[in-house]
Structure formats: C-alpha cells, structure tokens
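Down below is the structure, laid out as structure tokens.
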Ligand SMILES: Cc1cc2nc3c(=O)[nH]c(=O)nc-3n(C[C@H](O)[C@H](O)[C@H](O)COP(=O)(O)OP(=O)(O)OC[C@H]3O[C@@H](n4cnc5c(N)ncnc54)[C@H](O)[C@@H]3O)c2cc1C
Ligand SMILES: Cc1cc2nc3c(=O)[nH]c(=O)nc-3n(C[C@H](O)[C@H](O)[C@H](O)COP(=O)(O)OP(=O)(O)OC[C@H]3O[C@@H](n4cnc5c(N)ncnc54)[C@H](O)[C@@H]3O)c2cc1C
C-alpha cells in the first residue's frame, strides 16, 4: 500500500519582488523551501509508514532543481521520491497541475494500491488551495480538506475518520478510502532528518518522470492545458496616511488629536 | 477559429452566486457576492442568480432574492443537509450543464474553496482563487484580481477561452448589499442528482468552536484593537480589552502574539489567521509584516501605534502615532471614557 505526499518547492515568500521594467516576478537568487504546509503532509505520510508499514512516496511537479525538495523528503524517511518534470508541464495553472499529479498517482497505482494522498492546505506562493481538490476529482476518491486530526483509520473496513477545521466550527467526518486529504499545521509536528537518513538520501535516487512516462494529451498539460493565465502583476497599493501629533513627547495630546479626527469622520459611536 | 470560440463562449449567460450555508444559516460572504454579482450582471445585461442547496432551504431562497438574486436555483433534499463535497459537486455541475452561466462566484471560505476546486476540475474550466477585485469587460471576460505570494504581489487573472469563469472571493472585501424584503424573483426547484448510497463521505458531527472565552468572532467586528509582540506579555492585553470595551470592539492579535500564547489562535489576523474589514483597526505594537497586512489592510481606517517610525505598519495607516503604546493607549482610553461620560451626561 502506498501513501503519497504531494510537495511543492516554493520561493521564500516575503522576498518576492516585481521587476519594474518587465513587470514580471524576479525569481533569481531567491532561496527555495518546501511549502510549509507540505512538510505536514509529508510528516503524516511518514507517520502512516511508521504505524502501518505503508510505503511513503513523495511526489513533486517542478523544474529539475525541485529535486532538492524531494531529497529532503528522502532524508526524512520517504521510501520513494518522484519528480514530475518536463518542459511541457511548464506554465501550468491548477487544472493542469492536478492533471499531472493525478496521472502520476494513477501510474503508481499500477504497481500497488494508493490508499491515501496527502496535500498541504495551500501553498504560500500560488495560494489557491485548488490542486488537492483537483487531484481528488480526477482520481474519483474521497475528499477531506483542512484536516487537523486523524481520529481513526480502519483499514479492513476501508474507512477513515477525521476532524476538519473550518471557520468557527469543526466537522467530524467519515470517508471511504482511498482519500485525498489536505492538512493544516495543527495536524502534526514535522520531524527532523537524522544523520544516517541524510547520508542515505544522498545515495538514493529521485525518479524523474516526464510526459514520455505519463503520456498525457499535450493539450491538457502545461500552458496549453491551463484555462487561466496571469495578465498583469503589480505591487499592492499603499495609501500614505498622516502621522498624528508627537506621541513620544505628548501622548495625551496625541490621543486627543486622534479622537478629534475620528469624531470629525463620525467614526465613534461611544 | 476565433468565430468558433466566440460561438462557444456565447452559449454561456448569467452570473451565479453559490449561497453557502451551515445548519440553515448563510455565510455572510454569499450576500456580499450577490452585491458584486449584481454589478457584473448589469454590466453584462444579464440575470443574477443564486444557487441554494441544503435541506429545508426555502427561507434562504427568499433571503437570496431580498439581497438581489433575480432567480434562485434550489436543490432541497436530506442528502444535502450537511455540506459534502461529492453531493454538492454533482448538484452544482448538473445545474451548470443545464443552464450554462458565464460566471460563478463562491466565497473563499473553507467550504467554498473545497467546492469550487472540484467543480472547476469536473467542468474543465478555470478557477481563480481568493479574489479581492472583480470587473468584467465587454467580451464578458472577468478580470479577477487577487493577492498571491502571501500578499506581496497582486495578480490579475483571466480565463478567456473557457466558460463558466469561476472565482472564489475573499470574505469582507465586497460591501454588503442592502436587504429589501419587497424584491421579487423566481425560485426554480431542481431535483437532486445524487442518492445517499452513492456518497463517499458522511458528516458525523459539527462542533461549534467555543470554549475558553474565545467565542468572539473578530471577523464581524466594527472595531478591532490588535496587539503584537510589542505588548510584551499576556497581562498587558487587558489594556487593549479596556480600550475595546469603550469602543464596543474586540481584541485581535498578530501571529507573534498568538505564537507566544498571549491570545488564542482565533484572534489572529493575517494570512494564516483571519481577514478582517472593520470600520477601525488599531494596531498596537505590530510591525506590519506583509502576512499581517493582507489580513487587515482593507479596513476603512487603520490606526497604528508603534515606537518605531520606520515600521511598515505606518505605510497602511490612515493615522499613525509614533510613541510608546504603554503611554498612548491608556491616554486614548481615558479620552474616550471622558467623551463617553460627557455625551451620556448630555443625554441624561
Ligand atoms: C501570481 C500567481 C497567481 C496565480 N493564480 C492562480 C489562480 O487563481 N488559479 C489557478 O488555477 N492558478 C493560479 N496560478 C497558478 C498556480 O499557482 C500553479 O498552478 C501552481 O502550480 C499550483 O497552484 P498553487 O501553488 O496555488 O497550489 P495549491 O493548490 O495551493 O496547493 C495545494 C497543495 O497541492 C500540492 N501541490 C500543488 N502544486 C504542486 C506541485 N507542483 N507539486 C506537488 N504538489 C503540489 C501541495 O500539497 C500543496 O500544498 C497562479 C500563479 C501565480 C504566479
Ligand atoms: C507563511 C507565514 C504566514 C504568516 N501568517 C501571519 C499571520 O496570519 N498574521 C500575522 O500577524 N503574522 C503572520 N506571519 C508572521 C509575520 O511574518 C510576522 O512575523 C508577525 O506578523 C510579526 O508580529 P508582530 O508585528 O507582533 O511582531 P514584531 O515584528 O516583532 O513587531 C513588534 C513591533 O512592536 C513595536 N513595539 C515594541 N514595543 C513597543 C512599545 N512599547 N510601544 C510601541 N511599539 C512597540 C516594535 O517597534 C515592532 O514594530 C506569518 C509568517 C509566515 C512566514
């Protein structure tokens, strides 16, 4: 039985900037990290491996340098790491991204059953939270998003019971396996790599699958398979406001000035 | 080829808003979207419709009309009682295939994002996440503006070759439309294309998030007074509570303050917390990291109190006070209390 964790390599968010001339994202020299939520997805797949002896597979679609992300997964204990990389996959929106990831999972399922697919709640770059649901639909499996606790896994009955964290409420949900689960940070505490595992990871292979392996219709992948595209990128506007009084020397006078301004704008109901 | 595309796209008409409900109560963002949807529908000279699904949702249909829907597509059945991905997915997809809307909007909530992702995939169309701005051109292409990279950049996304165009929209960004009980509209009742036996998922229990005095929902408040690492400790938050009490507001927090255990997680404002849009947001001892700003920068008025004049929070502040919060806040609370007493004295 396979448990799959989908992990994406992302730039360290706070450092992304826009080139004022070309109006595109400056990506050079930006350090990459594993999408933080995906570390929790990976951890959960490793917990399943520890507890039930399943094989943990880490899956990532990205450019060749995303191999680093997968090597990290191996150093943490993943049994297999697969990089889905092909020029034809480039420029993907979430529809074509989920197409490629789902195809890879189907391919894995030819070898052994895939019982669970873990994804992060969302990424910190694209931020859409759409890839997980896309995978679930394409595989026709149960979908459980925003899971913060796995309450029970009954393998014989092929059922899983989880807690989902929504706005102002929790849901306890039972679903049939296989299932696609997106995870939030509260689910677990990611482990650190051990030295022997890190050494082993250096020697292990990261499999690379291109579209020669997946054989997807080229109209359904990459830029061509993406209904959405980014027409414009810009920095958020910031309105410059007013500095009121001298708060350091005269806190009480400043407070009075502020209250006056709020009264003038009819903002106080006191 | 262009003519062929135009012909394909013109088969889709109308703006739809999915009305999200839990236990019969609508999510506020759904009404906000009817307000925005009305604007888009007028620009396209087409109809604004609401999709209402659940069990016993007659009242919700009426409410949707009162908020501006001209038509309501309703599916009412026990199998839809609790939101479940597969049931709602099949319901919405069946409606789309039958009526072919040009635009579908859903709230960018946990539920909305769960549903939008599967519907768009099933329909093989584009979906833009978490929009904060929407407009439409004369060809019917939706300009969908959204923050990405944690709010560091904004992107305008287009889906010009596929229909319907789908977007999830962040709560509290679009203004709430007025409710008018006199408005009329048509309710179209559709049968539900799924049975309980086909369901892969069962909702066993819904637990409302309560306990430990944290029932306060900051996302609905008019006044939010938030504290950050500059508050120094948990006890000092009582100072913010006092100010909040005078203003009739609630206390929020930055992630640093939450991580330090000074405030519960449900008070956190920002990328990994809540998005808020109060009338007045007062940031006390918060530096203004981009992940915090994305959660509060749409507030009507932002007040920043920080001793560091270079703190980025001042860039989004309507009113900034450079000073020691431990002096400014008590002074502010005192002023407001005096004002309140003077006013109630006048009234008495
Ligand atoms: C500025 C900007 C805005 C964008 N807006 C949109 C938009 O509105 N709609 C749209 O369809 N596309 C959009 N995209 C494209 C989108 O970011 C990419 O398709 C991306 O490959 C996947 O989306 P995500 O990063 O949002 O992932 P999410 O859907 O947020 O990811 C959820 C989970 O899916 C898994 N996952 C996602 N990507 C991969 C991967 N490559 N490999 C392995 N696992 C993965 C991870 O477990 C992740 O935690 C945008 C891109 C940019 C640059
Ligand atoms: C993926 C990701 C998601 C995140 N999500 C969120 C989120 O949702 N919400 C969020 O808030 N953060 C989030 N963060 C964290 C964010 O990057 C910042 O670390 C955090 O917002 C900083 O909190 P702060 O402003 O309280 O603390 P600091 O940055 O330490 O700022 C403290 C401020 O207090 C001022 N100060 C200190 N003493 C006084 C005094 N006596 N009087 C006046 N001013 C004083 C200082 O000048 C300083 O500006 C996220 C980060 C990441 C990487």
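The values are calculated or read from the model by the stated rules, or taken from the named source; none is laboratory data. This is a predicted model, so every value here is computed, not measured. Cβ: placed from backbone, ideal geometry, glycine included. Neighbour counts: every protein chain shown.
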- Message: So for the range A:63-77 (the condition being under 26 Å from residue A:158 (Cβ atoms) and assigned by TED's automatic domain parsing to the domain that holds residue A:120), does at least one residue qualify?
- Response: yes
- Query: Does residue B:136 qualify as being assigned by TED's automatic domain parsing to the domain that holds residue B:36 and within 16 Å of ligand 1 (Cβ to nearest atom)?
  - Reply: no
- Query: Conditions: (1) within 16 Å of ligand 1 (Cβ to nearest atom); (2) facing chain B (nearest Cβ under 8 Å); (3) surrounded by 13 or more Cβ atoms within 10 Å (Cβ to Cβ). Residue A:225 meets all but one. Number of the miss?
  - Reply: (2)
- Of the residues in the range A:154-168 that are in contact with a helix residue (DSSP H, G or I) (Cβ under 9 Å, 6 or more places away or on another chain) and away from ligand 2 (no atom under 16 Å from the Cβ), the one that is farthest from the other protein chains (Cβ to nearest Cβ) is A:155
- Yes or no: residue A:242 surrounded by fewer than 19 Cβ atoms within 10 Å (Cβ to Cβ) and closer than 30 Å to residue B:318 by Cα? yes
- Query: Among the residues of the range B:150-175, which ones are away from ligand 2 (no atom under 16 Å from the Cβ), assigned to a loop (DSSP other than H, G, I, E, B) and within 9 Å of another protein chain (Cβ to nearest Cβ)?
  - Reply: B:159, B:160, B:161, B:162
- Query: Across the range A:28-73, what is the number of residues that are more than 16 Å from ligand 2 (Cβ to nearest atom), closer than 27 Å to residue B:272 by Cα and part of a helix (DSSP H, G or I)?
  - Reply: 13
- Item | Candidates B:68, B:56 - the one that is over 20 Å from the mean Cα position of the chain (by Cα) and assigned to a loop (DSSP other than H, G, I, E, B) | B:56
- Task: Assess whether residue A:181 counts as being assigned to a strand (DSSP E or B) and surrounded by fewer than 19 Cβ atoms within 10 Å (Cβ to Cβ).
- Result: no
- Query: Hey, among the residues in the range B:304-323 that are surrounded by fewer than 24 Cβ atoms within 10 Å (Cβ to Cβ) and facing chain A (nearest Cβ under 7 Å), which one's nearest to ligand 2 (Cβ to nearest atom)?
  - Reply: B:322
- Looking across the range A:93-121 at residues that are surrounded by fewer than 24 Cβ atoms within 10 Å (Cβ to Cβ) and part of a loop (DSSP other than H, G, I, E, B), the single one that is nearest to the other protein chains (Cβ to nearest Cβ) is A:113
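The rows are residues; the columns are (1) in contact with a helix residue (DSSP H, G or I) (Cβ under 8 Å, 6 or more places away or on another chain); (2) within 26 Å of residue A:256 (Cα to Cα); (3) at pLDDT below 95.
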{"site": "B:269", "(1), (2), (3)": "yes, no, no"}
{"site": "B:301", "(1), (2), (3)": "yes, yes, yes"}
{"site": "B:306", "(1), (2), (3)": "yes, yes, no"}
{"site": "B:328", "(1), (2), (3)": "yes, yes, no"}
{"site": "B:335", "(1), (2), (3)": "yes, yes, no"}
- Taking the options A:210, A:257, name whichever one is in contact (Cβ under 8 Å) with a residue 12 or more places away in the chain, closer than 30 Å to residue B:308 by Cβ and more than 8 Å from chain B (Cβ to nearest Cβ). A:257
- Total residues in the range A:16-57, condition out of contact with any strand residue (DSSP E or B) (no Cβ under 9 Å at 6 or more places or on another chain) and within 13 Å of another protein chain (Cβ to nearest Cβ): 1
- Message: Based on this model, can you work out whether residue A:263 counts as free of Cβ contacts under 8 Å to residues at least 60 places away in the same chain and either in contact with a helix residue (DSSP H, G or I) (Cβ under 8 Å, 6 or more places away or on another chain) or surrounded by fewer than 19 Cβ atoms within 10 Å (Cβ to Cβ) (or both)?
- Response: yes
- Message: Show me the helices (runs of 4 or more DSSP H) found entirely inside the range B:205-310 where at least 1 residues are within 26 Å of residue B:341 (Cβ to Cβ) and in the same structural domain as residue B:323 (by TED's automatic domain parsing).
- Response: B:237-247
- Note on the structure: Quick count over the range B:312-326, residues being out of contact with any strand residue (DSSP E or B) (no Cβ under 7 Å at 6 or more places or on another chain) and over 18 Å from residue B:229 (Cβ atoms), is 1
- Message: If I filter the range B:233-250 for residues that are in contact with a strand residue (DSSP E or B) (Cβ under 6 Å, 6 or more places away or on another chain), near ligand 2 (Cβ under 7 Å from one of its atoms) and at pLDDT below 95, do I get at least one hit?
- Response: no
- Message: So if I check each of A:206, A:162, A:173, A:213, which one is surrounded by fewer than 19 Cβ atoms within 10 Å (Cβ to Cβ) and more than 19 Å from the chain's Cα centre (by Cα)?
- Response: A:213
- What do you reckon, is residue A:201 away from chain B (no Cβ under 11 Å) and crowded, with 18+ Cβ neighbours inside 10 Å? yes
- Query: Do we find a residue being under 12 Å from residue B:18 (Cβ atoms), touching a helix residue (DSSP H, G or I) at 6+ places or on another chain (Cβ under 9 Å) and within 16 Å of ligand 2 (Cβ to nearest atom) anywhere in the range B:89-108?
  - Reply: yes
- Message: Here are the criteria: (1) without any contact (Cβ under 8 Å) to a residue 12 or more places away in the chain; (2) within 13 Å of chain A (Cβ to nearest Cβ). Tell me which single one residue B:238 does not satisfy.
- Response: (2)
- Find all pairs meeting these conditions: Cβ atoms under 7 angstrom apart; at least six residues apart or on different chains; first residue within the range A:94-114 and assigned by TED's automatic domain parsing to the domain that holds residue A:212; second residue within 16 Å of ligand 2 (Cβ to nearest atom). A:94/A:128
- Item | Test for residue B:147: is it in contact (Cβ under 8 Å) with a residue 60 or more places away in the chain, in contact with a strand residue (DSSP E or B) (Cβ under 8 Å, 6 or more places away or on another chain), at the interface with chain A (Cβ under 8 Å from one of its Cβ atoms) and more than 24 Å from residue B:199 (Cβ to Cβ) | yes
- Item | Counted residues, the range B:324-336 - those being at the interface with chain A (Cβ under 7 Å from one of its Cβ atoms), crowded, with 22+ Cβ neighbours inside 10 Å and near ligand 2 (Cβ under 9 Å from one of its atoms) | 1
- Are any residues in the range B:280-303 within 16 Å of ligand 1 (Cβ to nearest atom) and more than 7 Å from chain A (Cβ to nearest Cβ), and if so, which ones? B:291, B:294
